[in-house]
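The values are calculated or read from the model by the stated rules, or taken from the named source; none is laboratory data. Computed from a prediction, not measured in an experiment: that's the story for all the values here. All Cβ positions, glycine included, derive from the backbone under ideal geometry; neighbour counts span all protein chains shown. We work out accessible area using only protein heavy atoms, side chains counted, and drop any ligands, DNA or RNA first. Shrake-Rupley method; radii C 1.70, N 1.55, O 1.52, S 1.80 Å.
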There are 2 protein chains.
Amino acid sequence: MSATLRLALLLLAVAVCQGYQSNDIDEEDELVYEPSKYGSLWPLPQKVRVSEVSFKLPSASFKIVDAKESSAGPSCSLLQNAYRRYYEYMFGSVRKPGYVKSRAAGPSEISELQVWITSADSECDSYPSLTSDESCEFALPHCLETFSQLVYEDAYGAKNINSTTISDFPRFAHRGILLDTSRHFLPIKVILANLEAMAMNKFNVFHWHIVDDPSFPYLSRTFPQLSQQGAYHPYTHVYTPADVKMIIEFARLRGIRVIPEFDTPGHTQSWGKGQKDLLTPCYSGTTPSGTFGPVNPILNTTYSFMRQLFSEISSVFPDAYVHLGGDEVDFSCWRSNPDIQNFMEQQGFGQDYSKLESFYIQKLLDIVTTTQKGYMIWQEVFDNGVKLKPDTVVHVWMGNRVEEEMQNVTEAGYTTILSSPWYLDYISYGQDWQKYYKVEPLSFKGTEAQKKLVIGGEACLWGEYVDATNLTPRLWPRASAVAERLWSAKEVTDISDAYSRLSMHRCRLVERGIPAEPLFTSFCPHEYKGV
Amino acid sequence: MSATLRLALLLLAVAVCQGYQSNDIDEEDELVYEPSKYGSLWPLPQKVRVSEVSFKLPSASFKIVDAKESSAGPSCSLLQNAYRRYYEYMFGSVRKPGYVKSRAAGPSEISELQVWITSADSECDSYPSLTSDESCEFALPHCLETFSQLVYEDAYGAKNINSTTISDFPRFAHRGILLDTSRHFLPIKVILANLEAMAMNKFNVFHWHIVDDPSFPYLSRTFPQLSQQGAYHPYTHVYTPADVKMIIEFARLRGIRVIPEFDTPGHTQSWGKGQKDLLTPCYSGTTPSGTFGPVNPILNTTYSFMRQLFSEISSVFPDAYVHLGGDEVDFSCWRSNPDIQNFMEQQGFGQDYSKLESFYIQKLLDIVTTTQKGYMIWQEVFDNGVKLKPDTVVHVWMGNRVEEEMQNVTEAGYTTILSSPWYLDYISYGQDWQKYYKVEPLSFKGTEAQKKLVIGGEACLWGEYVDATNLTPRLWPRASAVAERLWSAKEVTDISDAYSRLSMHRCRLVERGIPAEPLFTSFCPHEYKGV
């Protein structure tokens, strides 16, 4: 989906949307790289024209300032935060000893970058949304990221930028990363680092798969016993309200939405530890076996619990959407339980337990609707014929018959996002980023109207085998391949050019402190300094 | 190979070789773990008997001291360094506010660990070698590691140790890790961190694959142009003599030998940049193509270069062995070169270029022999029938017909180490540590005498896809599986017990600052704090 262009924010100065081409940054890598004419830009903007005219950026005095005409200024935290961040990315965090506040600009110098906000709604204090305009003229974080990617060092270590014109906007509006904090707890620091890396790749959705079977780290104000009993540890392995707030704000400043997922009725083993009677007791013959199955869909208490919990969630998470899960419900426990059997008979469901699942989901959707949130659901909910609101986002994740599923979902008129080809938890030897890169999300059969319903996709890093020790290098730059597929034009498919730009982009991530792993035999001018 | 037991070093105190069993450390993980009766010991000692009698270790006053009778004391840097290291592992690096130098020990308390060195040669200042006695009674670093693994926290956070008797020695004398600093440069910090992790797993050989085709980071005093021209960067991506010295000393203090590999005649593209005429010019028809092949074996200058280089290497690296490579020689360039063709004719080699390869290797081995070093070589050198000294170590790495190769090498009377099943650069989804763990190095057909020639093995982490960003979590705890296979008794094959101990061992690595990745869905009491 291409966002409409509104002239709402302008980066002024000669440097406005100007780019560069550098032939010497990776000179020593001639066996591996063919330098791209687009330098290290990633994801590639919609339109770029590079000239050979270069300007110097005087690091000792360069400024990013609000233009006089700008409608937003020093009081806009999002702006000021972004200026500081990108100044550091471009020039390093240490102020040079010879730093001077102003000096006359030389003939081929750019001494300041003026930021001109023309829109009344500059998102200084509000949250990004599905309909935010992310074109280069509008979205400040994205635009500064592009600008910073145009800056390169010449042979003397001086910062340069080439005169370039860029027109840019994302192809898809929903570009997400799923992280799973239930199978392994992820310390806040890890989440924040990955939000930073997301911004550097113009991802705009953090899909927070916050709870699941193994643990319940979300500290609920309404039901504190959920994490007290269900987290790996009630104090060291939980996200407090303050933590969640901080993560949301950190994301907001980078143009990233936070969509939490509270997956039910399956994937809820950890919920049962702190909430009596929430899960279905499984039976072995005529007696309870002591184990529990999915959420118990036949008790009124279940729905009053969900009503309270989702009421809290809707106020804690500002995004207009919440992900309700609904995947992989195992019917064997429901089938074993005599009370469930009776209920099935009363309702006339026969032996079709997917009808019981739909019964539950239907009631849950009604509850969530009252909280004024839209919802995302995994594809099974659609497949099972549950009645959905028109603005529901159906999340396609299964690996088989993907194109058929995309066709069906959009034929039924629902918006959809794609994850099936982008399960990054599956690792293999070699350059698997190419596989992710070659995916074309609109390759299914359908009308133009159907294609427009595909609003984006998400790279998913499920947590079975990742935690703080290995998550970041496993995610980057593999997810960067997905970032470009979701941002750049459909025609951007040259794999050699991508290899060249992505190699430089990953070194930039490393230089900015993100331990992004190498694509292949190579080096970075500044290697990762951590261990 | 089991080392002879010499009563040379004794850890005194009640705690000598005493162990523990803890049932509560991973209590919350009952879905995953069955606690092992051996606690978190890894690799499992040869003989362990655990009692239920526990003693407290007063962290506020606990001391590791030289026994009065000990033949080594405060002047032994290896001892003092190990004491400090293991004190920190057991009690944390911050001295407790209430630390007191001495106080009366309570009834079930162990207040000090006395270290009694009885051997004249305590390796205080010398280097570990293939024939070092590594039994628990002798090798201090290994023995302290075991002691530290016996310490556990009780419910009050107090440190405890259970009365246990241990008799320990490694099954194989050569237990190595290969790291490759040519395909990606590894900063010193990364190498040191992995030497620390090696010591925690009782590995005793760092096989340093220091140079190869892509880059030559070894700064040679004799031929500085090799790294000046052949390294990725002549200053930021090289190992200076001081760096090498520091790495060797850091390893020595942890009982680890450093065996450098200078692989020839193939894998030498980076050598050619700084050393004129070293490589064979390839021909396209009757004219040089501008590209180069393996080392040129027909010039006298080649051998005088090798003589000088290996003379330097033999003095820089104290270990009795050097690895000479000799793998994967591509004959196409030699075949294209008219001078080489003439030489082949003169020598009567016909079209058999493996004879030319052997001609080169033979001369190289003679050169290295004059430096008083033993040599290790990759299996092709043996396969090609090169005449080898009796103490040559043949390194088996190819994936096909492994058992046949082990049989042939040992039948010919050579010592050998195994790497074929332990190429850790090949990654896959899931718990591949189990595959590494299940390898039995002596499963080939052969006499007892042949089996004795298998002196160990190495886990290899080739560098195509790893650098500072991802090396450590990719290596650990996957290499730990190899560590136990090479250390513990042949009969130690219980995979569930291994899973339990290894899970706890990996959390210990994490707590000590090594970002060892998780085995599966789980948590550690102290998660990794880096990113």
**Whole-percent pair-distance distribution, where bins are 10 Å wide, for the alpha carbons of region B:162-282** = 13, 39, 27, 13, 5, 2, 0
**Fill in**
Per residue of A:459-470, other chain Cβ atoms within 10 Å number on average 6
**Prompt:** Averaged per residue, what accessible surface does region A:131-269 expose to a 1.4 Å probe, in Å²?
**Reply:** 24
**Request:** Provide a list, ordered by number, of residues in region A:408-437 showing at least 50 Å² less accessible area with every protein chain present than when their chain is taken on its own, using a 1.4 Å probe.
**Result:** A:ILE427, A:TYR429
**Request:** Can you check what the net charge comes to around B:ILE455, using other residues whose Cβ is under 12 Å from the Cβ of B:ILE455 (Lys, Arg +1; Asp, Glu -1)?
**Result:** +2
**Complete:** Cα-based Rg and Dmax for region A:248-345, in Å, come out at 16.5, 56
**Message:** Once neighbouring chains are kept in place and the probe is 1.4 Å, which whole percent of the accessible area of chain B is contributed by carbon and sulfur?
**Reply:** 53
**Request:** Using a 1.4 angstrom probe, figure out how much accessible area region B:425-504 has per residue, in square angstrom, rounded to the nearest whole.
**Result:** 31
**Request:** Counting other Cβ atoms within 10 Å, keep those with at most 14, restrict to DSSP loop, and tell me which trypsin sites (Lys or Arg not before Pro) in region B:393-470 are left.
**Result:** B:ARG401, B:LYS438, B:LYS445
**Prompt:** What residues of region B:394-438 lie in the reach of a label at B:GLU328, counting those whose backbone N is under 18 Å from a point 7 Å from the Cα along Cα→Cβ?
**Reply:** B:395-401, B:419-427
**Asked** In a shell of Cβ-Cβ distance under 11 Å around B:THR146, excluding B:THR146 itself, what net charge do Lys and Arg (+1) and Asp and Glu (-1) give?
**Response** -1
**Violating pairs (Cα-Cα greater than 24 angstrom) within the set B:LYS355/B:LYS389; A:LYS529/B:LYS529; A:LYS273/A:LYS387; B:LYS47/B:LYS490; A:LYS387/A:LYS452; B:LYS47/B:LYS189** = A:LYS273/A:LYS387; B:LYS47/B:LYS189
**Item:** Karplus-derived HN-Hα couplings along region A:460-471 (A = 6.51, B = -1.76, C = 1.60, θ = phi - 60°), whole Hz, x at Gly and Pro
**Value:** 10, 10, 5, x, 3, 10, 10, 8, 4, 6, 9, 4
**Item:** Translational D in µm²/s for region A:282-406 (Stokes-Einstein at 20 °C, 1.002 mPa s, Kirkwood Rh from C-alpha pairs)
**Value:** 135
**Asked** For region A:157-208, what value does the Rg/Rh ratio take when both radii are computed over Cα atoms and Rh is the Kirkwood radius, given to two decimals?
**Response** 1.16
**Message:** Taking 2.2 N^0.38 Å as the expected size of a compact globular protein, what ratio does the Cα radius of gyration of region A:174-512 give against it, to two decimals?
**Reply:** 1.01
**Theoretical FRET efficiency, 1/(1+(r/R0)^6), r = Cβ-Cβ of A:THR301 and A:MET246, R0 30 Å, to 0.05** = 0.35
**Request:** Can you figure out the FRET efficiency of A:CYS124 with A:ALA449, using R₀ = 25 Å and their beta-carbon distance, to the nearest 0.05?
**Result:** 0.10
**Prompt:** What ranking of A:ASP125, A:ASP66 comes out by heavy-atom accessible area, probe 1.4 Å, highest first?
**Reply:** A:ASP125, A:ASP66
**Message:** From the Cα trace of the protein assembly as shown, what convex hull volume per residue do you get, rounded to a whole Å³?
**Reply:** 208
**Request:** Starting from the alpha-carbon convex hull of region A:415-531, give the projected area averaged over all orientations, in nm².
**Result:** 8.3
**Request:** Go through A:LEU279, A:ILE256, A:GLY293 and say which Cα lies farthest out towards the positive end of the charge dipole of region A:249-303; charges sit on Cβ, +1 for Lys and Arg, -1 for Asp and Glu.
**Result:** A:ILE256
**Request:** Give the calculated FRET efficiency between A:GLN347 and B:GLN407 to the nearest 0.05, with a Förster radius of 45 Å applied to their Cβ-Cβ distance.
**Result:** 0.05
**Item:** Stretchable slack from B:GLU109 to B:GLU52, in nm (0.36 nm times residue separation minus alpha-carbon distance)
**Value:** 19.1 nm
**Prompt:** So what's the net charge close to B:GLN407: Lys and Arg +1, Asp and Glu -1, counting the other residues with Cβ under 11 Å from its Cβ?
**Reply:** -1
**Asked** Buried accessible area for the A:B pair, summed, 1.4 Å probe, in Å² rounded to 100?
**Response** 4200
**Item:** Rough spin-label spacing in nm, given labels placed 7 Å along Cα→Cβ, for B:ARG221 and A:GLN308
**Value:** 7.6
**Message:** Which one, B:SER354, B:LEU41, B:ALA82, is farthest towards the positive end of the dipole of chain B when Lys and Arg carry +1 and Asp and Glu -1 on their Cβ?
**Reply:** B:ALA82
**Message:** How high is the relative contact order of chain A? Use alpha-carbon pairs under 8 Å, at least six apart in sequence, and give a whole percent.
**Reply:** 16
